[in-house]
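J.: Sharing a structure, written as structure tokens. Questions coming.
The values are calculated or read from the model by the stated rules, or taken from the named source; none is laboratory data. Keep in mind that what you see is a predicted model, and the values were worked out from it rather than measured. Here the Cβ positions follow ideal geometry from the backbone for every residue, glycine too, while neighbour counts run over all protein chains shown.
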Amino acid sequence: MVWMRKCLSVATFSAFAGISAYAPCGHSSHAATDGAETLVVSCVSVEPWGFEALDTGAHCGYLAFLAKKAGLDVISHVRPIGRLVAGLGDGSVDIAMVVPSPERDKLGFEICRPTHFQADVAYLKAILAPHQVSDFANKSFGMIKGSTVYDSFFEAGARRVNIKSMTQGFMMLALHRVDATFCVQPGCQMAARKAGIDNSQLGFFPVSDFPVSVMISRRSPLMQDNDAIDRLRTICLSDESKIELDNQINKYLDY
């Protein structure tokens, strides 16, 4: 099936800022083949799922795997969470991996939930010993823009310090420029290593476990191809898919 439109893009979350992943309408981010535009898949800019400086990551690699198995031509990009969700809404992102919510369900059509992640708060044990969310009141807290996962901490009085990546948060923690920072497993130890913090120095305050969905933008022309959607769903639910996702995560944990 050939989809006709001026621009298609796929967005992905990334950990580092500085590279634009947006292709304006009328300017395809990938050369068309046989008259059909290339779909772009996207992952979030949180390590190891997406590295903005590399414009790839574990979730990008996984989405490319799904697309190839489904016979789709794609290019992947990494985006901060806010831009990724906005891309689902305006159709500049065709396929993405995001935490599902009622608001995002209005923007994207969920085809599967292949994985999940554990959200934690990282801190230096020599500085803090938190037992509840209120213990972070008046503490500086490193947080990327666009995420609502940690809202309860800011509602309890934590002072938000905007950061661009999980690694940056750990670097600021090492320099005592923040008292705590967000971290999502399985990337926390990798970010700590890059920041030069020994794992024995760290404490992790558990927040919650969240599912991750593969979503198709409701404004994507892919929504017109039920056969392609069924192929993507079947592959996503397969044992081969689980193995591929694990391989992708393990690959990028070494970055």
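J.: Could you tell me which numbered condition residue 76 fails, if it satisfies all but one of (1) modelled with pLDDT of 95 or more; (2) in a strand (DSSP E or B); (3) of a type outside the set (A, V, I, L, M, F, W, C)?
T.: (1)
J.: If the requirement is being in contact with a strand residue (DSSP E or B) (Cβ under 9 Å, 6 or more places away or on another chain), hydroxyl-bearing (Ser, Thr, Tyr) and surrounded by 16 or more Cβ atoms within 10 Å (Cβ to Cβ), which of these qualifies: 165, 208?
T.: Details: 208 fails: surrounded by 16 or more Cβ atoms within 10 Å (Cβ to Cβ).
On inspection, the qualifying residue turns out to be 165.
J.: I've got another one for you. Of all residues in the range 231-255, how many are at pLDDT 95 or above and touching a Leu at 6+ places or on another chain (Cβ under 9 Å)?
T.: Total satisfying the criteria: 6.
J.: Out of all the residues in the range 151-162, which are part of a loop (DSSP other than H, G, I, E, B) and in contact with a strand residue (DSSP E or B) (Cβ under 7 Å, 6 or more places away or on another chain)? Before the answer, list the steps.
T.: Residues of the range 151-162 that are part of a loop (DSSP other than H, G, I, E, B), as a first pass: 156-158.
Within the range 151-162, just 158 meets the criteria.
J.: What number of residues within the range 95-118 satisfy the criterion of being buried (at least 18 other Cβ atoms within 10 Å of the Cβ) and small (Gly, Ala, Ser)?
T.: 2
J.: Moving to a separate point now. Regarding residue 208, is this residue assigned to a strand (DSSP E or B), out of contact with any Leu (no Cβ under 7 Å at 6 or more places or on another chain), touching a residue at least 60 places away in the same chain (Cβ under 8 Å) and of a type in the set (Gly, Ala, Ser)? Full working, then the answer.
T.: On the way: assigned to a strand (DSSP E or B): yes; out of contact with any Leu (no Cβ under 7 Å at 6 or more places or on another chain): yes; touching a residue at least 60 places away in the same chain (Cβ under 8 Å): yes; of a type in the set (Gly, Ala, Ser): yes.
Judged against the criteria, residue 208 is a match.
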